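Engineer: Here you go, one structure.
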Amino acid sequence: VQLQASGGGSVQAGGSLRLSCVASGIVSSINVMGWYRQVPGNQRELVAAMGSNGNTNYADSVKGRFTISRDKSTVYLLMTSLKPEDTAIYYCNMFQWSGRNEYVYWGQGTQVTVSS
């Protein structure tokens, strides 16, 4: 499986961006796709994730501002009311399961910069 992310960029505080990530290859019917972000010197943190069953999980810091959605093997992250502290490299992620095996995939990062 390969993950191809797009949609990063630079915006002013209060602006919006939408990230997209397309999964190609063999995708299990049981999976979770999501977005993580990382600031240099800090650990990578979960931003939002959505399972193939539709369940979602958001970091407290983005609740009410970010919305994750999916269309088959594509996951989107709509980011609104962006703040300077949202500045980070955003990584697309997929967990999938086949039998007893768990597989984890990462896309390339996409930079999001929010200026005040």
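The values are calculated or read from the model by the stated rules, or taken from the named source; none is laboratory data. What you see is a predicted model, and the numbers here were worked out from it, not measured in a lab. Note: ideal-geometry Cβ built from the backbone for every residue, glycine included; neighbour counts use all protein chains shown. What goes into the accessible areas is simple: the full protein's heavy atoms, side chains included, and nothing from ligands, DNA or RNA. Shrake-Rupley method; radii C 1.70, N 1.55, O 1.52, S 1.80 Å.
Engineer: Go ahead and set up a Gaussian network model of the chain, Cα springs under 10 Å, then flag whichever of Trp35, Trp97, Trp106 fluctuates most.
Structural biologist: Trp97
Engineer: Okay, moving on. If you project the alpha carbons of the chain onto their three principal axes, what span does each projection cover, largest first, in Å?
Structural biologist: Per principal axis, max minus min of the Cα coordinates gives 47, 26, 21 Å.
Engineer: Now for a different question. About its Cα centre, how strong a charge dipole does the chain have in debye, to the nearest 20, once Lys and Arg get +1 and Asp and Glu get -1 at the Cβ?
Structural biologist: Charge dipole of the chain: 120 debye, to the nearest 20.
Engineer: A further question on this structure: Can you give the relative contact order of the chain as a percent, counting alpha carbon pairs under 8 Å and 6+ residues apart?
Structural biologist: Relative contact order for the chain comes out at 36 percent.
Engineer: Report the equivalent ellipsoid semi-axes for segment 1-66 in whole Å, largest first, defined as the square roots of five times the eigenvalues of the gyration tensor built from alpha carbon atoms.
Structural biologist: 23, 15, 13
Engineer: While we're looking at this one, here's another question. Considering only the other residues whose Cβ falls under 11 Å of the Cβ of Ala13, what net charge follows from Lys and Arg at +1 and Asp and Glu at -1?
Structural biologist: Value of the local net charge: -1.
Engineer: OK, next. Return one whole number: the accessible area per residue of the chain in Å², for a 1.4 Å probe.
Structural biologist: Solvent-accessible surface per residue comes out at 54 Å².
Engineer: Taking a virtual spin label 7 Å from the Cα of Val1 along the C-beta vector, which residues in segment 46-60 bring their backbone nitrogen under 20 Å of it?
Structural biologist: Under cut-off, by backbone N: 46-59.
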